[in-house]
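A quick write-up on the structure given underneath.
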Amino acid sequence: MISRSQWLPGLAACLLVSGADWADAGRPVDIGQPLPGFEATSLAGEAFSLETAFQSHQAVVVLFTSTVCPYANYFASHVRELSETYGPRGVLFVGVNSNNWESRQEVIDHTRDRGFAFPMIKDEGHVIADRLGADRTPEAFLVDATGRLRYRGWVKSKKESPDLQRALDAVLEGRPVRRPLTKAFGCAVDRY
């Protein structure tokens, strides 16, 4: 459980940006439609292309995250476990940090401290967040091997409903995702 001293700074940061005007955010992609591609360089210096990733994996999870958001941090161990469990099954996780006020070094340190072994991208100027219409951390986008969005929303609900995990199972088994859209809760992506 997160202590009050751990979540108060993150909550304060979330509240500072929660009233922002999100007119710049991209139009959300409908479930079943192709997710807009993007290319970036990970914080480890490796080239990343969403198109190449979904062509070489059974599924790709694009996860918007934050170093200070209490919700993103609360679910970090669950995300790490999902990536460790589903990675060998052909699922690639890629983290994206789009907050203007979080430095590259803070994201590198956070990635190491949380034990994330998947690529992490610092989304300078929130280009990827705008392109995908992401507005919360944590927020997950699950893409199948054809590049189509199969799930968008929370990692888990406040009541611990593992919707992302269920969606991963459905995609890997070739079934429709029973609940393909959930409302991500957490901290707003800082675009200012």
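Just so it is clear, none of the values below were taken in a lab; they were calculated from the coordinates. Keep in mind the model is a prediction, meaning the values are calculated, not measured. Cβ coordinates were reconstructed from backbone atoms using ideal geometry, including for glycine residues, and neighbour counts include every protein chain displayed.
Scanning the stretch 110-128 for residues that are charged (D, E, K, R) and part of a helix (DSSP H, G or I), which turns out surrounded by the most Cβ atoms within 10 Å (Cβ to Cβ)?
Quick first cut of the stretch 110-128, residues charged (D, E, K, R) only: 112-114, 122-124.
Okay, now just the ones that are also part of a helix (DSSP H, G or I), so 112-114, 124.
Working: Arg112: 11, Asp113: 11, Arg114: 18, Glu124: 12.
Filtering the stretch 110-128 for residues that are charged (D, E, K, R) and part of a helix (DSSP H, G or I), the one surrounded by the most Cβ atoms within 10 Å (Cβ to Cβ) comes out as Arg114.
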* Structure fact -> Condition set assigned to a helix (DSSP H, G or I) and among the small types (Gly, Ala, Ser), scope the stretch 167-184, selection farthest from Lys156 (Cα to Cα): answer is Ala170
* Looking only at the stretch 102-109, decide whether some residue is more than 23 Å from Val171 (Cα to Cα) and not in a helix (DSSP H, G or I). => yes
* Structure fact -> Residue count, the stretch 129-150, condition part of a strand (DSSP E or B), aliphatic (A, V, I, L, M) and within 25 Å of Asn73 (Cβ to Cβ), comes to 3
* To do: Hey, could you check the stretch 151-166 for residues that are among the charged types (D, E, K, R) and assigned to a helix (DSSP H, G or I) and say which is farthest from Thr65 (Cα to Cα)?
  => Arg166
* Members of the stretch 157-183 found to be surrounded by fewer than 21 Cβ atoms within 10 Å (Cβ to Cβ) and either touching a His at 6+ places or on another chain (Cβ under 6 Å) or among the small types (Gly, Ala, Ser) (or both), listed by number -> Ser157, Ser161, Ala170, Gly174
